[in-house]
Amino acid sequence: MPDRDYQPRAEHKFSFGLWTVGNRGRDPFGDAVRPPVAPVDIVSMLAEVGAWGVNLHDNDLVPIDATSAERDRIVCEFKRACERNGIVVPMATVNLFYHPIFRDGAFTANDPEVRAYALQKTMRAMDLGAELGAKIFVLWGGREGTETDACRRPDIAVERLRRAVNYLCEYSIDRGYGFRFALEAKPNEPRADIYMPTTGHYLAFIPTLEHPEMVGVNPEVAHEQMAGLNFMHSVAQAWEAGKLFHIDLNDQTPGRYDQDFRFGSANLKSAFWLVKFLEDVGYPGPRHFDAHAYRTEDAEGVKDFARGCMRTYLVLKGKAEQWNQSQEIRAILDELSTEQAQFKHFSKANATSLLARTFDKEAIMRKRLEYERLDQLTVDILLGVRVVTSA
Ligand code: GCO
Ligand code: MN
Ligand code: MN
């Protein structure tokens, strides 16, 4: 049954990053507009708005130069806050972009000391994630890129990245952490060009690893949109390859800076196709919102933002159910799908008969493809002027 009340529940697996709802609204032209919120308070806020999970970079929780005693105290408090509020930590990640040491990249940097530090920092972030119960580890190489290609050959960067991911897979195996790594692509920002600019690039990279079964992708709406791509198509290809380990939901208008808008706030229709896809195939993973509240918002506005992400997802999920149940839509779809089972696999016999066959192109071309009606029915459902009730 559709979630008619649109109330988020644990089964929906909605998660937010400490860095997303904790975002202070700083941008390249202006300072923070919101005060810092302690991670333990973010956890109770997330419980209040009905989220299921919280994700974090190492330094969202533990300052980069914390002593091990400080670290243990912070982690212990945070774990208690999660337990108290019934919030889980499904995913952890590592910040390899903020500190100036990463100005030339992390795993791909030219300085071997930087590469070694990046590995050490990631292993410690994995220790932290494992301690908090995370089973997914995201790697986003925000600084792995260039302003000038004079600095290194890009194939060398790819090789360095491969060695780093191989190393981290072995570390996870050695420690028995059971992590699944989700690689997140982005074409640019903060670098002029980032290596592995799209999800498709990562899908081609993964089979070259030593443990490809441990590694998948974390596609983000805004990142594929920045590359001018159809996000849902990227997600579908990842899913079909068994590689959709995580997903970053947000929104973005084409051709702009990295906006990180509330899910569904800019491109409702593509958000609809995405939600429909995830629900139709039964994607079992977290629905993570990697987005920020507008810079104009205060703490209450951040809650409006978080509630809005989840509500829009659930509204679109309800619309997808209506779409699937619509008799008119089903009738058109039934007309469209006439499977040609005999050509699924090659055989000498079916190739011979296919080569000999004559096609009545005129008759085939007369067959109507009612995509205009299909799309308008979709628009009607989305705009709420056509309400489909369950059969
Ligand atoms: C961005 C990225 C990040 C990553 C995060 C997880 O554009 O800033 O989307 O938010 O998702 O660092 O590794
Ligand atoms: Mn992003
Ligand atoms: Mn992201």
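The values are calculated or read from the model by the stated rules, or taken from the named source; none is laboratory data. All of these numbers come straight from a predicted model, not from anything done at the bench. Every residue, glycine among them, receives a Cβ derived from its backbone with ideal geometry; neighbour counts consider all protein chains shown. Each accessible area value is taken on the protein alone, full model and side chains, heavy atoms only, with ligands, DNA and RNA left out. Shrake-Rupley method; radii C 1.70, N 1.55, O 1.52, S 1.80 Å.
Mind pulling the angle between the C-alpha long axis of helix 112-131 and the longest principal axis of the chain? Nearest 10 degrees, somewhere in 0 to 90.
80 degrees
What number results when the radius of gyration of the stretch 326-383, computed over Cα atoms, is divided by 2.2 N^0.38 Å?
That ratio works out to 1.62.
Leaving ligands and nucleic acids out of the surface, order Glu328, Glu184 by accessible area at 1.4 Å, largest first.
Glu328, Glu184
How high is the relative contact order of the stretch 1-157, in percent, with contacts defined as C-alpha pairs under 8 Å that are six or more residues apart?
20 percent.
Give, in whole angstrom and from largest to smallest, the semi-axes √(5λ) of the equivalent ellipsoid of the stretch 1-133, with λ running over the eigenvalues of the Cα gyration tensor.
29, 18, 15
Which Cα, out of Leu139, Gly178, Val88, lies furthest along the positive dipole direction of the chain (beta carbon charges, K/R +1, D/E -1)?
Gly178
Once each part is reduced to its C-alpha centroid, what is the distance from the stretch 163-205 to the stretch 126-151 in angstrom?
One Cα centre to the other: 7 Å.
Given a 1.4 Å probe and heavy atoms of the protein chains only, how would you sort His246, His292, largest accessible area at the top?
His292, His246
Hey, what's the stretch 1-83 come to in accessible area per residue, 1.4 Å probe, Å²?
The answer is 51 Å² per residue.
Can you show me the helix-derived [θ] at 222 nm for the chain, built from DSSP H runs with n ≥ 4 at -39,500 (n - 2.57) apiece and divided by the number of residues, rounded to the nearest 500.
The helix contribution divided over the chain gives -14500 deg cm²/dmol.
Below 8 Å between Cα atoms, with a sequence gap of 6+, how large is the relative contact order for the stretch 10-324 in percent?
Contact order relative to length: 17 percent.
Taking the 0 to 90 degree range and rounding to the nearest ten, how far is the long axis of helix 371-383 tilted relative to the main principal axis of the chain, both from C-alpha atoms?
Here the helix axis deviates by roughly 50 degrees.
Which value, in Å², gives the accessible area per residue of the stretch 200-334 when a 1.4 Å probe is used on the protein heavy atoms?
Averaged over the residues of the stretch 200-334, the accessible area is 40 Å².
Build a GNM of the chain with springs between Cα atoms under 10 Å: which of Ala204, Ala320, Ala349 gets the top mean-square fluctuation?
Ala349
Kindly flag which residue pairs out of Lys13/Lys276; Lys13/Lys303; Lys269/Lys303 have an alpha-carbon separation exceeding 19 Å in this structure.
Distance filter (> 19 Å) returns Lys269/Lys303.
How long are the three semi-axes of the equivalent ellipsoid of the chain, in whole Å, if each is the root of 5 times an eigenvalue of the C-alpha gyration tensor, listed from largest down?
Square roots of five times the eigenvalues give 39, 28, 20 Å.
Of all the accessible heavy-atom surface of the chain, with the other protein chains kept in place and a 1.4 Å probe, what percent is carbon and sulfur?
54 percent
With only Lys, Arg, Asp and Glu charged, each at its Cβ (+1 for the first two, -1 for the last two), find how big the charge dipole of the chain is about the Cα centre; round to the nearest 20 debye.
640 debye
Would you mind checking the radius of gyration and Dmax of the stretch 220-340 based on alpha-carbon positions, in Å?
Rg, Dmax (Cα atoms, Å): 15.8, 57.
Which percent of Cα pairs goes in each bin when the distances of the stretch 100-157 are cut into 5 angstrom slices starting at zero?
Final binned percentages: 4, 18, 25, 21, 14, 10, 5, 3, 0.
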